[in-house]
Amino acid sequence: MSDTSIVNTSSVSAPAFNGTENFVLEGRTILVTGASSGIGKAVAILCASLGATLVINGRSAERLQAVLDQLYGTDHQMIIGDLTEVDTREALIEAAPLYDGLAYCAGAASLAPVRMANEKHLQQMLSVNYLAPANLTQRLLYKKKLNTGASLVYVTALASRACPSASAGYAASKAALESYIRTLALEHGKQNIRATYVAPGYVDTPMLESLGTMIDMDKQSELTPMGKIESTDIAPGVVYLLSPASRWVTRSILTIDGGLSIAMRL
């Protein structure tokens with residue numbers, strides 16, 4: 001028998017619907033916190049490239065302006081300020097008539113062993129990583145600033161489950177935020193408001209670099225089977241959860257850790 005080649009000669013046109021439009025953010029207004037560097041910066045740039053109109057926040061005017069200058073499109077706004085302050089949160093709430101999405105990427109990390117984790121340290125971690133996002137979210141809901149189908153995405157951390165040494169304050173604050181998000185999703189699902197969170201492993205960001213003075217982060221990063229993760233590796237996951245492509249996803253965690261949780265047997 002001779003070999004037979006089968007060639008598809010069909011002339012059927014591609015379907016009008018191929019699903020890719022579900023990943024586009026055209027016509028959506030999205031609030032991105034922590035946008036002056038790291039994951040927040042990468043998320044803001046990607047959201048804008050997909051057509052979103054952004055309100056971005058950060059504490060550094062110079063760095064936030066540099067990000068604003070990189071955004072594709074027009075009508076983007078920046079609000080400078082610390083999210084632990086009421087005035088900053090209110091300014092963000094009033095910056096747009098309605099929001100279709102929130103990418104909460106702001107946060108702080110500080111390490112201290114349990115015997116050194118005093119009240120000041122614990123309060124700082126809770127204030128930045130839990131109370132600030134919780135208070136901003138509450139005001140967005142109370143002021144009815146979220147559009148139908150809005151998606152709220154928060155960046156937490158693998159540390160909330162891994163709980164590595166010296167992370168009692170940091171890991172606890174992220175775990176508190178994750179519990180809050182799950183409650184939020186349950187309470188507002190009937191209003192078609194979704195709440196999810198992304199839990200990264202060790203990501204090459206300025207925040208990670210700052211921890212290098214207290215712990216050998218290069219050695220910690222080597223624990224990641226697939227290698228070091230960049231901010232631009234986290235951004236697509238956040239944007240997926242913001243987009244219509246994930247419209248049936250809520251109260252869920254997206255772990256992006258390069259296999260670190262496997263190595264830790266979580």
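Quick note: the coordinates plus some simple rules give every number you see, no bench work behind them. From a predicted model like this one, the values you see are computed outputs, not experimental measurements. All Cβ positions, even for glycine, are placed from backbone atoms using ideal geometry, and neighbour counts span all protein chains on display.
For the pair GLU85 and GLU230 in one chain, pulling the backbone fully straight at 0.36 nm per residue adds 49.3 nm over the alpha carbon distance.
Springs join every pair of Cα atoms under 10 Å in this Gaussian network model of the chain, and among THR88, THR196, THR29 the largest mean-square fluctuation is at THR88.
Put a dot 7 Å past the Cα of ALA108, heading toward its Cβ, do the same for CYS163, and the two dots end up 2.4 nm apart. Here region 25-169 was treated as a single set of alpha-carbon atoms; its pair distances binned every 10 Å from 0 give 12, 41, 31, 14, 3, 0 percent.
If you stretched the chain out fully between LEU266 and ASP75, how much longer would it get, using 0.36 nm times the residue separation minus the C-alpha to C-alpha distance? Please report the intermediate quantities before stating the final value.
On the way: separation 191, 0.36 × 191 = 68.76 nm, distance 4.33 nm.
Extra length available between LEU266 and ASP75 comes to 64.4 nm.
Springs between Cα atoms under 10 Å define the GNM used for the chain, and in it the highest mean-square fluctuation of LEU141, LEU92, LEU83 occurs at LEU141. Adding -39500 (n - 2.57) for every DSSP H run of four residues or longer, then dividing by how many residues the chain holds, sets the calculated 222 nm ellipticity at -11000 deg cm²/dmol.
If I stretch the segment between ASN118 and ARG63 completely, what's the gain in nm (0.36 nm per residue apart, minus their alpha carbon distance), one decimal? Before the final figure, lay out the partial values.
Details: separation 55, 0.36 × 55 = 19.80 nm, distance 3.19 nm.
Contour length minus the Cα-Cα distance gives 16.6 nm.
Semi-axes of the equivalent ellipsoid for the chain, computed as √(5λ) from the eigenvalues of its C-alpha gyration tensor and ordered from largest down, come to 33, 26, 18 Å.
Return the subset of LYS120/LYS228; LYS41/LYS190; LYS143/LYS174; LYS120/LYS145; LYS145/LYS174; LYS145/LYS228 for which the Cα-Cα distance in this structure is over 30 Å, preserving the input order. Write out the running numbers ahead of the final one.
Numbers: LYS120/LYS228 32 Å; LYS41/LYS190 32 Å; LYS143/LYS174 25 Å; LYS120/LYS145 33 Å; LYS145/LYS174 25 Å; LYS145/LYS228 37 Å.
Result: LYS120/LYS228; LYS41/LYS190; LYS120/LYS145; LYS145/LYS228 exceed 30 Å.
The calculated FRET efficiency for ARG139 paired with GLU21, based on their beta-carbon distance and R0 = 30 Å, is about 0.40.
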